[in-house]
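Student: Got a structure for you, questions after.
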Amino acid sequence: MRYEIILDSQEKEGVKDPKFLESIVAFEKAFKRHFESVRFTTSLKDIVERMQQVLNPEAKNPLPQDKNLVAQYLLLYSMSLPQGMELNDKMDTQQRYLRLTVNTNIVDTSKDLEMIRWIKHYFKTKTPYRADVQGQTAIFAYMQSSVTDTLIVSISMTLIIVTLSMWMIFNNLKMLWLFLVPNIAPVIIVGGIMGFLGISIDIGVAISAAVILGIAVDDTIHFFSKYYESIKVRSFAQTIDYILSHSGNAMILTTLILSLTFALFGISSFVPNVNFAIVTVAALNIALLFDLVLLPALLSLLSKRRNAPDTGIEPPKA
């Protein structure tokens with residue numbers, strides 16, 4: 001992974017200032033000491049150090065202590081470059097901003113954000129200069145954090161909307177937990193599977209959460225609509241048979257068709273698409289299993305409690 005740190009020397013031609021270059025050396029040492037995942041860094045400072053070693057090997061300091069000498073080193077180095085190449089990829093034309101590239105091992109997004117915050121805080125508090133972390137790694141770190149936050153918000157909003165919708169449809173507040181368990185459990189189980197397999201939350205996973213809840217709710221509504229329709233005229237066992245014979249096939253076929261459709265994303269070379277396929281297909285089938293197995297079991301327990309015979313035995317008085 002690579003971080004592109006843009007250092008602001010706060011003045012024109014400030015990158016030639018020996019104090020500015022020495023602050024980079026101090027930062028590199030502190031950064032490597034604080035984070036073990038850091039491998040190496042590259043910047044204009046390295047060029048100046050090599051020029052100092054070649055042209056002034058007897059110098060006590062690895063960096064020149066004269067701003068003019070730094071300018072001469074950079075001029076000499078730029079003259080040795082092939083035609084058309086400049087140092088503009090390492091500093092701006094006014095020589096105020098310097099580009100420092102940090103190469104690290106691959107780490108979690110939370111560690112990325114911690115490193116980015118540490119870099120900015122270091123230059124803000126321990127130097128008179130400023131730093132801004134850019135590059136692809138920083139972009140993906142911020143995007144991943146935003147995706148995770150969006151996932152939490154979207155799941156919360158979906159659950160609230162689903163809860164209110166089911167309460168309005170069936171008008172039964174006491175059985176509301178039965179509506180939610182088959183829909184929430186697949187998301188929790190798939191989250192555990194993701195953690196076990198080391199699959200991180202990305203755009204594909206964030207999209208799949210809303211899809212999973214939507215389809216799982218659809219199957220649950222099918223189940224309960226038939227349940228309330230049949231339980232008025234049939235026994236509990238007959239009601240379950242009626243639901244499975246009238247809605248079971250539709251629920252299974254719907255899940256099968258959607259699973260095959262979403263599974264096509266698994267042959268993609270784009271990792272978020274592959275994760276979307278894995279998570280969605282797994283969660284849809286778990287949700288179907290819960291609707292056909294767990295939900296009748298929970299309803300059976302609830303029905304037995306309601307129909308439990310009264311023994312007529314009063315509890316002993318204190």
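Student: Tilt of helix 109-126 relative to the longest C-alpha principal axis of the chain, in degrees (0 to 90, nearest 10)?
Tutor: In the chain, helix 109-126 runs at an angle near 40 degrees to the longest axis.
Student: Quick one: length gained pulling residue 110 to residue 244 fully straight, 0.36 nm per residue minus the C-alpha distance?
Tutor: Going from the current span to full extension adds 43.7 nm.
Student: Could you tell me which of 73, 37, 103 has its Cα farthest along the dipole of the range 2-134 towards the positive end, charges placed at Cβ (Lys, Arg +1; Asp, Glu -1), taken about the Cα centre?
Tutor: Farthest towards the positive end: 37.
Student: Based on the Kirkwood radius over alpha-carbon pairs, what is the Stokes-Einstein translational diffusion coefficient of the range 144-306 at 20 °C with 1.002 mPa s viscosity, in µm²/s?
Tutor: Here the translational diffusion coefficient equals 129 µm²/s.
Student: Roughly how tilted is helix 44-55, in degrees to the nearest 10 and between 0 and 90, from the longest Cα axis of the chain?
Tutor: Result, in degrees: 30.
Student: Let me ask something additional. Apply 1/(1 + (r/R0)^6) to the Cβ-Cβ distance of residue 294 and residue 37, taking R0 = 35 Å, and write down the FRET efficiency to the nearest 0.05.
Tutor: Working from the Cβ atoms, E equals 0.20.
Student: Given an 8 Å cut-off on Cα distances and at least 6 residues of separation, report the relative contact order of the chain as a percent.
Tutor: 18 percent
Student: List the residues of the range 190-228 whose backbone N lies under 16 Å from a point placed 7 Å from the Cα of residue 256 along the Cα-to-Cβ direction.
Tutor: none
Student: Please compute the length gained on full extension between residue 29 and residue 268, using 0.36 nm multiplied by the number of residues separating them and subtracting their Cα-Cα distance.
Tutor: Separation in residues times 0.36 nm, less the Cα-Cα distance, equals 81.8 nm.
Student: To continue, here is another question. Where the centroid of each part is defined by its Cα atoms, how far is the range 155-177 from the range 41-89 in Å?
Tutor: When both Cα centres are located, 68 Å separates them.
Student: Give me the one-decimal nm value for the distance between modelled label points at residue 211 and residue 163, 7 Å along each residue's Cα-to-Cβ direction.
Tutor: 2.6 nm
Student: A further question follows. Rounded to the nearest 500, what is the chain's calculated 222 nm mean residue ellipticity when only DSSP H runs of at least 4 contribute -39500 (n - 2.57) each, over all residues?
Tutor: -21000 deg cm²/dmol
Student: For the range 168-175, take each phi angle, set θ = phi - 60°, evaluate the Karplus expression 6.51 cos²θ - 1.76 cosθ + 1.60, and give the result in whole Hz per residue in order, putting x for glycine and proline.
Tutor: Result, ordered by residue: 5, 6, 9, 6, 9, 6, 5, 9 Hz.
Student: Let me ask something else. Taking the Cβ of residue 106 as the centre, find all other residues whose Cβ is under 12 Å away and add up their charges (Lys, Arg: +1; Asp, Glu: -1).
Tutor: Counting the neighbours of residue 106, the net charge comes to +1.
Student: Label residue 81 and residue 56 with points 7 Å out from Cα along Cα→Cβ: what is the distance between them in nm?
Tutor: Roughly 2.2 nm, to one decimal.
Student: Each residue of the range 9-14 in order: what ³J(HN,Hα) in whole Hz does its phi give by Karplus 6.51 cos²θ - 1.76 cosθ + 1.60, θ = phi - 60°, with x for Gly and Pro?
Tutor: 7, 6, 7, 5, 6, x
Student: At a Förster radius of 45 Å, what calculated FRET efficiency corresponds to the Cβ-Cβ distance of residue 13 and residue 152, to the nearest 0.05?
Tutor: It comes to 0.40.
Student: Let me ask something else about it. Quick check: net charge around residue 250, other residues with Cβ under 12 Å of its Cβ, Lys/Arg +1 and Asp/Glu -1?
Tutor: Combined, the nearby Lys, Arg, Asp and Glu give -2.
Student: Lysines near residue 29 by alpha-carbon distance under 22 Å, same-chain residues fewer than 8 away left out - which ones?
Tutor: 16, 19, 45, 60, 90, 111, 120, 124, 126
Student: FRET efficiency for residue 175 and residue 142, Cβ-Cβ distance as r, R0 = 45 Å, nearest 0.05?
Tutor: Once rounded, the FRET efficiency stands at 0.55.
Student: Sort 268, 303, 146 so that the residue with the fewest other Cβ atoms within 10 Å of its own Cβ comes first and the one with the most comes last.
Tutor: The order, fewest Cβ neighbours first, is 146, 268, 303.
Student: Taking Rh as the Kirkwood radius computed over C-alpha pairs, what is the Stokes-Einstein D of the range 2-134 at 37 °C in a medium of viscosity 0.692 mPa s, expressed in µm² per second?
Tutor: My calculation gives 212 µm²/s for D.
Student: Mind putting a number on the dipole of the range 144-306 about its Cα centre? Charges go on the C-beta only, +1 for Lys and Arg and -1 for Asp and Glu, and I need it in Debye to the nearest 20.
Tutor: So the magnitude is around 680 debye.
Student: On alpha-carbon atoms, Rg over Rh for the range 227-288 using Kirkwood Rh?
Tutor: In the range 227-288, Rg relative to Rh is 1.24.
Student: Given charges of +1 on the Cβ of Lys and Arg and -1 on the Cβ of Asp and Glu, with all other atoms neutral, how large is the dipole of the chain about its Cα centre, in debye to the nearest 20?
Tutor: 620 debye
A short reminder: the numbers here are calculations on the coordinates, not readings from a lab. Please read all numbers here as calculations on a predicted model, not as lab measurements. Cβ coordinates were reconstructed from backbone atoms using ideal geometry, including for glycine residues, and neighbour counts include every protein chain displayed.
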